Amino acid sequence: MRKQGIGEDELFCFLEAKRNKDIRYDLILSSMCTRPHPVAIRAHNLFMETNLGDPGLFPGTHEVEQILVTRFAELFSCPEAGGYATSGGTESNIQALRIARQIHPTKRPNVILPASAHFSCQKACDMLGLQMRCVPPDKEMRMDTDVLAGMIDADTCGILAVAGTTEYGVVDPIPAIAALAQEHGIFFHVDAAFGGLVLPFLPDSPAFDFSIPGVSSISVDPHKMGMSTIPAGVLMVRDPLVLHRLNVDTPYLTVKKEFTLAGTRSGASVAGALAVLDYLGRNGMEAVVSGCMENTKRLIGGMEAFGIHRAVTPDVNVATFMPCRIPDRWVVSATRNNHIRIVCMPHVTRDHVEAFLEDIGELNVTAT
Ligand code: 0PR
């Protein structure tokens, strides 16, 4: 490191130059994150120095986390549900599978999940010593419940399904999976990292939450469609007591036990998450989500008018298409099946969609 520090002007000149190398959200069509809402930024700044890892020192911040949990308990149809703020979908999946393994101890535990599950599940299984059994997708890229049923055995400690898959934006058949989980007494985690802040605000969405008996836990990420600052995830559990199965002793903190994975946890993005939900309310969230869904429909319609067909019809604002040429200035992603994937996040406005379609038309239609 430098022996003598540099001046603030020089320092920030350097940092700004680095920051300017980043791609602007306007051109990013591949991300599940978005520009934070202004109230999230304001709340984030207010709670910048807080640490939820030692809640006795920050009782106000701890209350904010508790209120955030009650917001999701209500949104996910189970006012008695518990939970806590994680760093995002990866930590939530790890913790959910950790609970599953704890509840059902066996020598060679396995979990069953769809092949479309997020890659964080692979990390979780690796860390937890769980055998990962993947159910291949059906034609619509959803988990095939018949195949799932055949994979369950006495060592199955958990089932995980996705409400709003990362690649195709579809919702697995949660009620049917939950019925199987319940029949066999298996912990069932729904990864709604993306869909958890989309589906509750849609007029006709597939069921995914605690209203379905058999759903044991749900993860949701305010740093995705919740427009909070990063990192903001939440793990919700139907029975708050199951969290205590993860307790470790923390003798010298203001609390004597903790079940979280992270120790030091910033309250800033947690306050950001609550700020957005409370500022926008249900009406505001419905408006944001409906805008994103309209843009998704317009994008699919526009692409299909050029002969570039959708891969599937999504349940949330993720659109996938047959391979085509993509204009250089836009950032899109490709799925593992080589479909073009675009996430219509709140920063992807109608104007962006029209500009993108215009570019696509020039490249793919006039050129042929
Ligand atoms: N579960 C689902 C369904 C997800 O889509 C994701 C992330 C996770 C879990 C993991 O969440 P964290 O990354 O918060 O731990 N989905 C996006 C993805 O992997 C994350 C992302 C966001 C990637 C922005 C790129 C990007 O620019 O595609």
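Considering each residue of the range 335-368, count those that are basic (K, R) and in a helix (DSSP H, G or I), and give that number.
Residues that pass the stated criteria total 1.
Could you tell me whether any residue of the range 284-296 is open to solvent by less than 30 Å² (accessible area, probe 1.4 Å) and touching a strand residue (DSSP E or B) at 6+ places or on another chain (Cβ under 6 Å)? For the range 284-296, residues open to solvent by less than 30 Å² (accessible area, probe 1.4 Å) and touching a strand residue (DSSP E or B) at 6+ places or on another chain (Cβ under 6 Å): present. Annotation note: Cβ proximity below 8 Å between a residue of the range 142-160 that is part of a helix (DSSP H, G or I) and a residue that is among the small types (G, A, S) (sequence gap 6+ or interchain) occurs for T145/A176. Taking the range 154-172 as the range and being buried (at least 21 other Cβ atoms within 10 Å of the Cβ) and away from the ligand (no atom under 13 Å from the Cβ) as the test, the residues that pass are T156, C157, G158, I159.
Each residue in the range 1-45 was checked for being touching a residue at least 40 places away in the same chain (Cβ under 8 Å), closer than 30 Å to G60 by Cα and not hydrophobic (A, V, I, L, M, F, W, C), and 7 of them qualify. Just checking, does the range 138-152 include any residue being surrounded by 23 or more Cβ atoms within 10 Å (Cβ to Cβ) and touching a Gly at 6+ places or on another chain (Cβ under 7 Å)? For the range 138-152, residues surrounded by 23 or more Cβ atoms within 10 Å (Cβ to Cβ) and touching a Gly at 6+ places or on another chain (Cβ under 7 Å): absent. When A85, A40, A117 are checked against the criterion of being within 16 Å of the ligand (Cβ to nearest atom), in a loop (DSSP other than H, G, I, E, B) and at pLDDT 95 or above, a single residue qualifies: A117. In a helix (DSSP H, G or I), away from the ligand (no atom under 15 Å from the Cβ) and at pLDDT 95 or above: does that describe A96? No: the conditions fail for A96. Restricted to the range 16-58, and to residues there that are surrounded by 15 or more Cβ atoms within 10 Å (Cβ to Cβ) and among the small types (G, A, S), the residue that is farthest from A271 (Cα to Cα) is S30.
Looking at P222, P231, P251, just one residue is more than 16 Å from the ligand (Cβ to nearest atom) and not assigned by TED's automatic domain parsing to the domain that holds E294, and that residue is P251. Here is the figure for the range 124-137: residues that are surrounded by 14 or more Cβ atoms within 10 Å (Cβ to Cβ) and either assigned to a helix (DSSP H, G or I) or more than 16 Å from the ligand (Cβ to nearest atom) (or both) total 5.
Scanning the range 200-230 for residues that are more than 22 Å from P79 (Cβ to Cβ), more than 10 Å from the chain's Cα centre (by Cα) and buried (at least 24 other Cβ atoms within 10 Å of the Cβ) returns M227, S228, T229.
The values are calculated or read from the model by the stated rules, or taken from the named source; none is laboratory data. These figures come from a predicted structure and were not determined experimentally. Cβ: placed from backbone, ideal geometry, glycine included. Neighbour counts: every protein chain shown. Protein only, heavy atoms only, side chains kept; ligands, DNA and RNA dropped before computing areas. Shrake-Rupley method; radii C 1.70, N 1.55, O 1.52, S 1.80 Å.
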